[in-house]
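The values are calculated or read from the model by the stated rules, or taken from the named source; none is laboratory data. Treat the numbers as computed from the prediction; the structure is a model and nothing was measured. For neighbour counting, all protein chains shown are included, and Cβ atoms are generated from backbone atoms with ideal geometry for every residue, glycine included.
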């Protein structure tokens, strides 16, 4: 899974990336497109459930799942007019799974805002406008091509042309593509357009250290005109930058003294999973315990595909036990004796936290 961190200059976006990946790779500067060449960092997904499974199984190896974070350019109003840098930016961002938009909600006279005032609502509107304009350019090109194809009266071409026309009208109302009512087939029809506004968004509110604990997400959503279902997570990038050089124990003690709790990474990642409709299942053997990421509502064969395509194609069944039942029984055999480990077929929907042993034809 790849998530790109995007926003206006001087919101401490690159500082957030450095804190998230515990590096100093991302350059922080007071000008747009400072980070035009992406900085990439791999972050393992913390999961307390996996630690409990490991205690029981005692494997030789443990492999957590991971997310790839990419720090990309700070945008400005009218960025789409900077053809060279803008096109390079678009080529990078089109392939990501989701976008994290960092919103600056703090005052600091030493750090100038690109528009000379702190107005997070206006910042959000600027970026959404630039992304929508980029999608409108894409739609215009596709619409022109499809218009020619409709002259042959091909049903598929006509249906897609009508869908693209509907999308264009939606975008011209300054609404993101992901907010348009579509069925699953229509979503798939638009997939090859690689629309920027079709990507899930997660908002990160960069606040002062003293405001993290008292952050009111509902109030902020209302102030920023975000939807009820939009995810927004508070962090203090400056605080996290100070913690980079500390050990985990030192950081925990420091945060406790400030009356804060550790776990902001967990909150961000949990929100990312929720936004992308992702869940985690586990495989557990004496050789290795491993976490796997799957789409919510995945069937057993679809989850097995995450391990290997042959597992889905040649699927027979899966032995499944919920992680908590496995831990409480202290052993898989005992879980089976208590009726907590069961054989499941192709229609079984894998739950978040299931421990699965897949069986397939060789």
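Scanning the range 343-357 for residues that are out of contact with any helix residue (DSSP H, G or I) (no Cβ under 6 Å at 6 or more places or on another chain) and either part of a loop (DSSP other than H, G, I, E, B) or surrounded by fewer than 13 Cβ atoms within 10 Å (Cβ to Cβ) (or both) turns up 345, 347, 351, 352. The listed residues are 35, 15, 65, and the only one of them that is touching a strand residue (DSSP E or B) at 6+ places or on another chain (Cβ under 6 Å), buried (at least 18 other Cβ atoms within 10 Å of the Cβ) and modelled with pLDDT of 70 or more turns out to be 65. Against the test of being in a helix (DSSP H, G or I), exposed (fewer than 13 other Cβ atoms within 10 Å of the Cβ) and free of Cβ contacts under 8 Å to residues at least 40 places away in the same chain, the options 181, 245, 168, 162 yield a single qualifying residue, 162. Residues in the range 187-209 that are in contact (Cβ under 8 Å) with a residue 40 or more places away in the chain, more than 19 Å from residue 272 (Cα to Cα) and part of a helix (DSSP H, G or I): 193, 209. Checking 349, 316 one by one, the residue that is over 23 Å from residue 63 (Cβ atoms) and within 27 Å of the chain's Cα centre (by Cα) is 349 and no other. Taking only the range 289-317 into account, find how many residues are assigned to a strand (DSSP E or B) and within 21 Å of residue 64 (Cβ to Cβ). So the answer is 7. Determine if the range 95-111 includes at least one residue that is under 30 Å from residue 284 (Cβ atoms), buried (at least 20 other Cβ atoms within 10 Å of the Cβ), at pLDDT 85 or above and touching a helix residue (DSSP H, G or I) at 6+ places or on another chain (Cβ under 9 Å). No; the residues of the range 95-111 include none that is under 30 Å from residue 284 (Cβ atoms), buried (at least 20 other Cβ atoms within 10 Å of the Cβ), at pLDDT 85 or above and touching a helix residue (DSSP H, G or I) at 6+ places or on another chain (Cβ under 9 Å).
If residue 85 satisfies every condition in (1) part of a helix (DSSP H, G or I); (2) touching a strand residue (DSSP E or B) at 6+ places or on another chain (Cβ under 6 Å); (3) at pLDDT below 75 but one, which is the exception? That leaves (2) as the condition not met. Restricting attention to the range 138-158, the residues that are free of Cβ contacts under 8 Å to residues at least 24 places away in the same chain and either within 23 Å of residue 232 (Cβ to Cβ) or in a helix (DSSP H, G or I) (or both) total 12. Scanning the range 144-158 for residues that are under 22 Å from residue 196 (Cα atoms) and surrounded by fewer than 17 Cβ atoms within 10 Å (Cβ to Cβ) yields a total of 2. Candidates 274, 252: the one that is touching a residue at least 40 places away in the same chain (Cβ under 8 Å), out of contact with any helix residue (DSSP H, G or I) (no Cβ under 9 Å at 6 or more places or on another chain) and either over 24 Å from residue 56 (Cβ atoms) or not in a helix (DSSP H, G or I) (or both) is 274. Screening the range 316-342 for residues that are surrounded by fewer than 14 Cβ atoms within 10 Å (Cβ to Cβ) and in contact (Cβ under 8 Å) with a residue 60 or more places away in the chain and picking the one that is farthest from residue 52 (Cα to Cα) gives 331.
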